[in-house]
Amino acid sequence: MSNIEESTAITRRGALCALSLVTVGIFLSPETATAATGVKILPSGKVRVTLKSNPALKKVGGVVRIDDVDGRSIALVRTSAKAYAAVNLLCTHQGGELVQTGNQWQCQTHQATFTLAGKNLVGPASKALKQLPVKATASMVTIG
Ligand code: FES
């Protein structure tokens with residue numbers, strides 16, 4: 001094999017390996033919602049999230065996770081240019097823990113899935129995630 005052929009073979013092999021790794025990464029590695037920053041629990045128990053501190057919420061479909069709010073976890077999702085949804089991250093089947101996998105929440109107990117905004121996609125859960133009231137301004141979102 002000449003140097004040119006050998007160089008081409010290595011390049012093709014490298015490209016195939018890189019493509020394989022990217023493909024495996026896309027399909028197997030679950031994404032994790034960014035932990036929200038700029039979060040304040042108000043005396044009323046409501047949760048205030050500063051948008052400037054959470055760049056993940058700049059785009060529609062962006063999501064942040066807020067853990068340890070009275071022992072529960074909440075997800076805040078941007079659903080449109082001016083609207084947000086907040087959902088309780090507790091599976092509606094038997095209360096299993098939910099983790100983000102791509103653009104879904106998946107229950108770690110029996111694998112029910114939900115959209116990021118909480119709609120039930122796959123059982124055994126049959127109900128949507130509990131929605132929490134949301135009020136949004138240009139600079140902050142208040143949940144609860
Ligand atoms: S507890 Fe989530 S599917 Fe059963």
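The values are calculated or read from the model by the stated rules, or taken from the named source; none is laboratory data. Worth saying up front: this structure is predicted, and the values here are computed from it rather than measured. Quick reminder, even Gly has a Cβ in these numbers, built from the backbone with ideal geometry, and neighbours come from all protein chains shown.
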In the stretch 100-115, which residue that is within 19 Å of Asn54 (Cβ to Cβ) and surrounded by fewer than 22 Cβ atoms within 10 Å (Cβ to Cβ) is modelled with the highest pLDDT? Gln100
Hits in the stretch 31-51 - residues which are farther than 16 Å from Gly144 by Cα and either outside any loop (DSSP other than H, G, I, E, B) or touching a Ser or Thr at 6+ places or on another chain (Cβ under 6 Å) (or both): Thr34, Ala35, Thr37, Gly38, Leu51
Complete set of residues in the stretch 100-144 that are basic (Lys, Arg) and not in a strand (DSSP E or B): Lys119, Lys127, Lys130
Suppose we filter the stretch 115-127 for residues that are within 13 Å of the ligand (Cβ to nearest atom) and either under 11 Å from Leu89 (Cα atoms) or not basic (Lys, Arg) (or both); how many remain? 7
Taking the criterion of being under 19 Å from Ala56 (Cβ atoms) and more than 14 Å from the chain's Cα centre (by Cα), would at least one residue in the stretch 93-115 satisfy it? no
